[in-house]
Every structure is written in structure tokens, then in C-alpha cells.
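Down below is the structure, laid out as C-alpha cells.
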Amino acid sequence: MSEIETLGLSDRARNALRRNDVATVEQLMEMTPGELSGLRGVGVTLYTEITEQLREYQKKNKKRNPRRR
């Protein structure tokens, strides 16, 4: 499992994910867009940052999440 630190997120984004008990990239990839945007402390700016970094991570690792649309 990959820790969320591997995504290169800002401190603010990492802290928001940790406060919501999201510790791994795999946990993040399992979330629907609605679940991610509904996390406490994740507004439009952090949502955009997290999804962009997750997309880059997936490109680098050639992994796809079938639940992402």
C-alpha cells in the first residue's frame, strides 16, 4: 500500500485526508467523487488538488480505478 505522502500533496490536503482517516492512496482511489468532496475540510480547491495529483499518480503507475468517472 502506498501512503498518501507519495502523491506530493500540500500539507493542508494531507492533513484534511488524515483527519478523515484516509491514509493510503488505495483508500483514496476507492472513494467516489462525491465521497471525496464530502469529506470535512475538502473544498473545491483541495478537491481539485487531490484529484489532479491522484490522476498523475495513476498515470505514473498505470493503474486505473473503475469507480472513477
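List residues of segment 1-43, by number, whose backbone nitrogen lies under 16 Å from a label position 7 Å along Cα→C-beta of E52.
7-14, 43
Of all accessible surface on the chain at a 1.4 Å probe, what whole percent is carbon and sulfur? Don't skip to the end; give the middle numbers.
Details: 2200 of 4640 Å².
Carbon and sulfur together cover 48 percent of it.
Counting heavy atoms of the protein chains only and a 1.4 Å probe, report the per residue accessible area for the chain as a whole number of Å². Walk me through the numbers before you get to the answer.
Details: 4640 Å² over 69 residues.
Spelled out: the 1.4 Å probe surface of the chain, per residue, equals 67 Å².
Compare Y57, Y47 by solvent-accessible area with a 1.4 Å probe and give them largest first, with all protein chains kept in place. Kindly include the intermediate steps, with their values, before the conclusion.
On the way: Y57 25, Y47 65 Å².
The ordering from most to least exposed comes out as Y47, Y57.
Determine how many Å³ per residue the convex hull of the Cα atoms of the chain encloses.
Values: hull volume 5.4 nm³, N = 69.
So the per-residue hull volume is 78 Å³.
The values are calculated or read from the model by the stated rules, or taken from the named source; none is laboratory data. For clarity, every value in this text was computed on a predicted model and none was experimentally measured. All Cβ positions, even for glycine, are placed from backbone atoms using ideal geometry, and neighbour counts span all protein chains on display. Surface areas here come from the heavy atoms of the whole protein model, side chains and all, with no ligands, DNA or RNA. Shrake-Rupley method; radii C 1.70, N 1.55, O 1.52, S 1.80 Å.
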